[in-house]
Amino acid sequence: MSSFTSPLIVSPLLDGKSWRLYKSFTYRIGSRYSKRKIAVPSGFITDFASIPKFIFWLLPWWSKFSKAPVLHDWLYREKQITEGRMFRAITRKQADDIFYEAMLLSFRMHGIMGKFIARIEYWSVRIWGWLAWER
């Protein structure tokens, strides 16, 4: 199973939409000991999940405020992962698949509802994510 390495420590910014990451974290892709990883540095600014308002009211609060959306924002910005000591470019599909994997890990305590929410968010980024990817 994939793994995160530390708790999520963030603080809101004055704009009321963005958050600053105060402690870096690493996500290992696929398994706890994988050499494929993503390191999100402290200082990174995220808006968590950029979910359209008409969808957000359907989703529980815990689906927005987890490490998975922060990880996804980082992947969309950097468009790469680390393999051993090398950086490897990734596609938008790969970024979205990693996001889905991370959501399943983050939402695992929510059972079938967590899997359902992860699926909704995954398909939302697959359909609309190209807008952010191109920026």
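Filtered by the rule that a residue be assigned to a loop (DSSP other than H, G, I, E, B), over 11 Å from residue 40 (Cα atoms) and under 15 Å from the mean Cα position of the chain (by Cα), the stretch 9-26 gives 9, 18. Within the stretch 91-122, the residues that satisfy the criterion of being farther than 15 Å from residue 27 by Cα and either in contact (Cβ under 8 Å) with a residue 60 or more places away in the chain or among the β-branched types (Val, Ile, Thr) (or both) are 91, 112, 117, 120, 121. Beta carbons closer than 7 Å, at least 6 apart along the sequence or on distinct chains, pair a first residue in the stretch 1-21 that is within 17 Å of residue 68 (Cα to Cα) and modelled with pLDDT under 85 with a second that is in a strand (DSSP E or B) and not hydrophobic (A, V, I, L, M, F, W, C) for 2/27; 2/28; 3/28; 4/27; 5/26.
Of all residues in the stretch 27-42, at least one satisfies being among the aromatic types (Phe, Trp, Tyr), at pLDDT 90 or above, closer than 23 Å to residue 117 by Cα and surrounded by 12 or more Cβ atoms within 10 Å (Cβ to Cβ). The residues listed here are 109, 86, 113; of these, the one that is closer than 18 Å to residue 4 by Cβ and surrounded by fewer than 14 Cβ atoms within 10 Å (Cβ to Cβ) is 109.
Going by the conditions given, is residue 90 within 22 Å of residue 45 (Cβ to Cβ) and among the hydrophobic types (A, V, I, L, M, F, W, C)? The answer is yes for residue 90.
Could you tell me whether residue 83 is touching a strand residue (DSSP E or B) at 6+ places or on another chain (Cβ under 8 Å) and in contact (Cβ under 8 Å) with a residue 12 or more places away in the chain? Break it down into steps so the answer makes sense when it comes.
On the way: touching a strand residue (DSSP E or B) at 6+ places or on another chain (Cβ under 8 Å): yes; in contact (Cβ under 8 Å) with a residue 12 or more places away in the chain: yes.
Considered against the rule, which asks whether it is touching a strand residue (DSSP E or B) at 6+ places or on another chain (Cβ under 8 Å) and in contact (Cβ under 8 Å) with a residue 12 or more places away in the chain, residue 83 comes out as yes.
The values are calculated or read from the model by the stated rules, or taken from the named source; none is laboratory data. Remember, it's a predicted structure, so these values are computed and weren't measured experimentally. FYI the Cβ positions are ideal-geometry reconstructions off the backbone, even for glycines, and counts take in every protein chain you see.
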